[in-house]
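The values are calculated or read from the model by the stated rules, or taken from the named source; none is laboratory data. Nothing here was measured: the structure is a model prediction, and the numbers come from that model. Every residue, glycine as well, gets a Cβ built from its backbone with ideal geometry; the counts of neighbours run over all protein chains shown.
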């Protein structure tokens, strides 16, 4: 997943899952050595492995192809433009939202 346009975005404690008193560039988050199990990251937090995302996408593509079906996933859970773009690239005909605010 290409997050390069966001690499210099600075995340701080106002961002979910960023520890209090920390300000870090998005590009540097992976090198912080944080561990969910040690309690380094405030909860709730989501960690997405790109390999798992790839696997799930391929699985869903096969599932839909077998059933001659298409989807328009609801994207409120992720609210992540990069994941939405990936879903569209991988065959979703569209995405759904619940409110106009989510559409922005």
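Things to note:
- Only one entry in 46, 52, 72 is closer than 20 Å to residue 102 by Cβ and under 15 Å from the mean Cα position of the chain (by Cα), namely 46.
- Here the condition is being assigned by TED's automatic domain parsing to the domain that holds residue 102 and under 27 Å from residue 12 (Cα atoms); of 84, 60, it holds for 84 alone.
- Count of region 18-35 residues which are more than 16 Å from residue 7 (Cα to Cα) and either surrounded by 12 or more Cβ atoms within 10 Å (Cβ to Cβ) or outside the structural domain of residue 7 (by TED's automatic domain parsing) (or both): 3
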